[in-house]
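Just below is one structure, and these are the notes that go with it.
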Amino acid sequence: QVQLVESGGGLVQPGGSLRLSCAASGSIFEIYAMSWYRQAPGKQRELVATITSGGSTNYADSVKDRFTISRDNAKNTVYLQLNSLKPEDTAVYYCNAIVKTTRWGISRIYWGQGTQVTVSS
């Protein structure tokens, strides 16, 4: 089994910053892409950013130039730096990872439990 645990959410004023972390643990052979999603009240979950095992990144247009995704492969951890936050960034942020648990097994998608980010004055 694989567990993803997010941390770093909270309440921040507009224009502020937060750094989210998501650590993967358990039976891990290899982690491929890692991503951050978010879900605001009454809205569908949306992809925020993705980073491959090689470090290539992709962002939603709404967060480009404000958010930065990174990862530490040695720690099986993905980060999301959120800058210039806006009230519309308020959501529960979830990380996910595509993980292979054994050398010969198939890869599966795992999700964290989510961390709340609230942007408000």
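The values are calculated or read from the model by the stated rules, or taken from the named source; none is laboratory data. Quick caveat, the model's predicted, so the values are computed rather than measured. Don't worry about glycine lacking a Cβ; one is built from the backbone with ideal geometry, like all the others, and counts go over all protein chains shown. For accessibility, only protein heavy atoms count, side chains too; no ligands or nucleic acids. Shrake-Rupley method; radii C 1.70, N 1.55, O 1.52, S 1.80 Å.
If you go through the range 7-43 and keep only what is open to solvent by 30 Å² or more (accessible area, probe 1.4 Å) and at positive phi, you end up with G8, G15, G26, G42. Can you find a residue in the range 66-83 that is under 11 Å from the mean Cα position of the chain (by Cα), closer than 18 Å to Q44 by Cα, β-branched (V, I, T) and modelled with pLDDT of 95 or more? No, because not a single residue in the range 66-83 is under 11 Å from the mean Cα position of the chain (by Cα), closer than 18 Å to Q44 by Cα, β-branched (V, I, T) and modelled with pLDDT of 95 or more. Of the residues making up the range 93-109, just one is modelled with pLDDT of 95 or more and more than 16 Å from A23 (Cα to Cα), namely R108. When the range 8-30 is filtered for residues that are outside any loop (DSSP other than H, G, I, E, B) and either in contact with a Cys (Cβ under 6 Å, 6 or more places away or on another chain) or closer than 14 Å to N76 by Cβ (or both), the ones remaining, listed by number, are S21, C22, A23, A24, S25, G26, E30. Looking across the range 10-56, the residues that are under 12 Å from the mean Cα position of the chain (by Cα) and either of a type in the set (V, I, T) or at pLDDT below 95 (or both) come down to V48, T50, I51.
Consider the range 62-121 and keep the residues that are surrounded by 16 or more Cβ atoms within 10 Å (Cβ to Cβ) and among the charged types (D, E, K, R). The one that is nearest to V48 (Cα to Cα) is D89. Just one residue in the set A33, A49 is within 17 Å of K86 (Cβ to Cβ) and part of a strand (DSSP E or B); that residue is A49. Selection of the range 50-59 for residues being within 17 Å of Y110 (Cβ to Cβ) and open to solvent by less than 50 Å² (accessible area, probe 1.4 Å) yields T50, I51.
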